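Here the structure comes first, spelled out in structure tokens, and everything after it is commentary.
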Amino acid sequence: MVDAATRKTLSNIPLLKTKAGPRDKDLWPSRLKEEYQSLIQYVNNNKESDNDWFRLESNKDGTRWFGKCWHVHELLKYEFEIEFDIPVTYPQTAPEIAIPELDGKTAKMYRGGKICLTDHFKPLWAKNVPKFGIGHAMALGLGPWLAVEIPDLISKGLVLYKEKEENGASK
Amino acid sequence: MATVDELKERIAQLEVELAKEREKTGGNVAGARKKIDQMSSEVVDSNPYSRLMALKRMGIVDNYERIRDFTVAVVGVGGVGSVTAEMLTRCGIGKLLLFDYDKVELANMNRLFFQPYQAGMSKVQAAEKTLRDINPDVQFETHNYNITTVDNFQHFMDRISHGNLKGDGSVDLVLSCVDNFEARMAINTACNELEQNWIESGVSENAVSGHIQLIKPGETACFACAPPLVVAENIDEKTLKREGVCAASLPTTMGVVAGLLVQNTLKYLLGFGSVTHYLGYSALQDFFPTMSMKPNPACDDSFCGKRQEEFQRKEALRPKTVEVVKEEEIVHESNDWGISLVDESSVDDLKTQPAPELASGLSYAYDKPDETTKDSDEVVADTDQSLDELMAQMKSL
């Protein structure tokens, strides 16, 4: 059902336990803690394997997330701001990750810069409710999207390499 | 930079212009009509309801005027929703609630209803203006927001449960004309909680099939009871090019689906004909599968389960009229060879939950159980850290 590469990605991200969305006042805090734990470990694993590719943080309620993701293409690092809301039907429906700055540049996007996920992702998510969390949406949704779309956008000249700001906001 | 005074002056100037413009178009100018208190069945050129009231005379609908007592919420005012709203407006519906967070774009012009000059306006606002001109008897309530976010969802539920004509009760029917799974699930959640009947509609991303589905919480399958249904199109998925696009759309398919949706709505509200539970449409084959689906006792939505129990309790109380069909027992006089009938289904066949029966030509978008993740996979460990600590840790990475 799932190819070896996907399974390998999955093994880096701990699964979640609590089935709760932002409207479940009692259980949502536990779910949110699990989301953070899972994300922290995923990011740490990425760093260890020299494949650090995103940062995320949320508002206090954990209903709105924002951060950055990076994509390396021909030795240049491209950075994009990402954002998404946790829908009321979460985790039954996956978060809709958006890259607003790319809105209008590719047809593989819905309004507001929401990335168009493959036919593969949503069924995969639906089959793994509630075990999949934000980390899985990043790894199986955003990751493959960037890998396909960014090189294409660069080749079309729609995404340009930005030198680091003068003050050296180095990461 | 203009000074505050300059800006104030400019605002005053624009307000005068706006008032003039309103005077020109508002009120009773030629073209727009006055409100009509009572629907008349008089057949004259000036009566916008004469052909609708004729349905009564022809014995199709008992009491067409009742249409004015009904309130319908249309969620999603795009290719299907805008046409749906226009049809209901022309039919003289009592009140329409419109929900959408999108703006009109030139890329929408391959669909019906919206016009190029409306580009940039919010869809609900543009729709309300056009619809009011078509039929000033209809009441409108518009909401320009995304229903799936936590902040807006509560307000959405509140308007569904209090948005009728008098403002003291729920709307009569919710029509889902949205274009994504998340919004459908949000409507499903709201309607299961509120015990609100609704009709889901959809057009496939390749624009050549569509469906409508009536959902009565507890009585028919809800949207979360089973994976989404797919109408067979007999296209090999591999030959279907998805390169570089998310979705195609055709005004024809959207118009057909909007027509099916409003037809079913009229039959449901006015009580004529038979109301369909599911009707699919495949444009390539001219194929219209139809069926009924029972709710799934193991549905993920807890409110669906609750509604199912309530419905079964109600059904049990209803006096039963069971028709007993006597089947004649077949007696074989002799069976020298000891032949007997054996059930063909093996133990393995019965392992998975039997899916609700689907009409031929329909299938699920995917099978539910899956081996993607194994029980042995790593699960987050229990932690003593507080949420704040975790948030701080994440930030410091």
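Which whole number gives the average count of other chain Cβ atoms within 10 Å of the Cβ atoms across peptide B:380-390?
Partner-chain Cβ atoms within 10 Å, mean over residues of B:380-390: 5.
Within the P(r) computed for segment A:26-67, what percentage of the Cα pairs occupies the region above 14 Å? Don't skip to the end; give the middle numbers.
Numbers: 451 of 861 pairs.
Tail fraction, whole percent: 52.
List the residues whose amide H sits under 5 Å from the amide H of B:Gln139, counting only those 5 or more places along or on another chain, with H placed 1.01 Å from N in the peptide plane.
So B:Gln139 has HN proximity to B:Lys95, B:Leu96.
What is the magnitude of the charge dipole of chain A about its Cα centre, with +1 placed on the Cβ of each Lys and Arg, -1 on the Cβ of each Asp and Glu, and no other charges, expressed in debye to the nearest 20?
600
Name the residues whose placed amide hydrogens come within less than 5 Å of the amide hydrogen of A:Arg64, ignoring near sequence neighbours (fewer than 5 apart) on the same chain.
A:Asn59, A:Ile86
Find which of B:Asn108, A:Ile134, A:Trp28 sits farthest along the positive direction of the dipole of the protein assembly as shown, computed with +1 on the beta-carbon of Lys and Arg, -1 on that of Asp and Glu, about the Cα centre.
B:Asn108
I'd like the orientation of helix B:251-270 relative to chain B: the angle between its Cα long axis and the longest Cα principal axis, in ° from 0 to 90, rounded to 10.
80
Quote the charge dipole size of the protein assembly as shown about the Cα centre in Debye, to the nearest 20; the model charges only the Cβ of Lys and Arg (+1) and of Asp and Glu (-1).
Working: 65 positive and 87 negative charges, 340 e Å.
Using Cβ point charges on Lys, Arg, Asp and Glu, the protein assembly as shown gives about 1640 debye.
Give me the percent relative contact order of chain B, please, defined on Cα pairs under 8 angstrom at least 6 residues apart.
So the answer I get is 14 percent.
Rounded, prolate or oblate: which fits the protein assembly as shown when a ≥ b ≥ c are the square roots of the eigenvalues of the alpha-carbon gyration tensor, with rounded for a/c under 1.5 and prolate only if a/b beats b/c?
Values: a/c = 1.88, a/b = 1.07, b/c = 1.75.
It comes out oblate by the Cα gyration axes.
Strictly over 27 Å apart at the Cα level, which of B:Lys166/B:Lys267; A:Lys33/A:Lys127; A:Lys114/B:Lys395; B:Lys103/B:Lys306 would you flag in this model?
Values: B:Lys166/B:Lys267 23 Å; A:Lys33/A:Lys127 22 Å; A:Lys114/B:Lys395 24 Å; B:Lys103/B:Lys306 38 Å.
Violating the 27 Å limit, Cα to Cα: B:Lys103/B:Lys306.
Would you tell me the mean number of C-beta atoms belonging to other protein chains that fall within 10 Å of each C-beta in A:29-41, as a whole number? It would help to have the intermediate numbers written out before the result.
On the way: counts 2, 2, 0, 3, 9, 6, 4, 10, 8, 3, 5, 7, 3.
Whole-number average of other-chain Cβ neighbours for A:29-41 is 5.
For peptide B:147-154, what's the mean number of Cβ atoms from other chains within 10 Å of each residue's Cβ?
Going residue by residue through B:147-154 and averaging, the value is 5.
Find the Cα radius of gyration of chain B, compare it with 2.2 N^0.38 Å by division, and give the number to two decimals. Don't skip to the end; give the middle numbers.
Values: Rg = 26.7 Å, N = 397, 2.2 N^0.38 = 21.4 Å.
Here the answer is 1.25, to two decimals.
Hey, got the dipole for chain B? About the Cα centre, +1 on K and R Cβ, -1 on D and E Cβ, debye to the nearest 20?
The dipole of chain B has a size of about 2420 debye.
Hey, what number do you get for the protein assembly as shown at 222 nm if only DSSP H runs of n ≥ 4 count, each worth -39500 (n - 2.57), divided across all residues, to the nearest 500? Don't skip to the answer; put the middle values down first.
Numbers: 14 runs with 179 residues, N = 568.
So the helix-based figure for the protein assembly as shown works out to -10000 deg cm²/dmol.
Pull up all non-local amide H partners of B:Val379: gap of 5 or more, or a different chain, and H-to-H distance under 5 Å with H placed in the peptide plane.
A:Leu15
How much length is gained on full extension from B:Glu9 to B:Phe272, taking 0.36 nm per residue of separation minus their Cα-Cα distance? Before the final figure, lay out the partial values.
On the way: separation 263, 0.36 × 263 = 94.68 nm, distance 5.89 nm.
Contour length minus the Cα-Cα distance gives 88.8 nm.
So, in nm, how far is label A:Val72 from label B:Arg33 when the simple model puts each one 7 Å beyond its Cα toward the Cβ?
In this crude spin-label approximation the distance works out to 7.0 nm.
Share of antiparallel DSSP beta bridges in segment B:17-176, in percent to the nearest 5?
Details: 1 of 15 bridges.
Around 5 percent antiparallel, to the nearest 5.
Relative to the longest principal axis of chain B, what angle (0 to 90°, nearest 10) does the C-alpha long axis of helix B:181-194 take?
Taking Cα atoms only, the helix is inclined about 80 degrees.
Round to the nearest 0.05 the FRET efficiency obtained for B:Gln393 and B:Tyr366 when R0 = 35 Å and r is the Cβ-Cβ distance. Kindly include the intermediate steps, with their values, before the conclusion.
Values: r = 36 Å, r/R0 = 1.03.
The calculated FRET efficiency here is 0.45.
I need the phi-derived Karplus couplings for segment B:129-135: 6.51 cos²θ - 1.76 cosθ + 1.60, θ = phi - 60°, integer Hz, Gly and Pro marked x.
Per-residue couplings from phi come out as 4, 4, 5, 4, 5, 5, 8 Hz.
Using θ = phi - 60° and the Karplus relation 6.51 cos²θ - 1.76 cosθ + 1.60, list the HN-Hα couplings for segment B:42-48 in order, rounded to whole Hz, with x at every Gly or Pro.
Result, ordered by residue: 5, 8, 9, 4, 8, 9, x Hz.
We did not get these values from a lab; they are worked out from the coordinates using the rules stated. All values derive from a computational prediction rather than experimental measurement. A quick note on method: Cβ atoms are made from the backbone with ideal geometry, for glycine too, and the neighbour counts reach across all protein chains shown.
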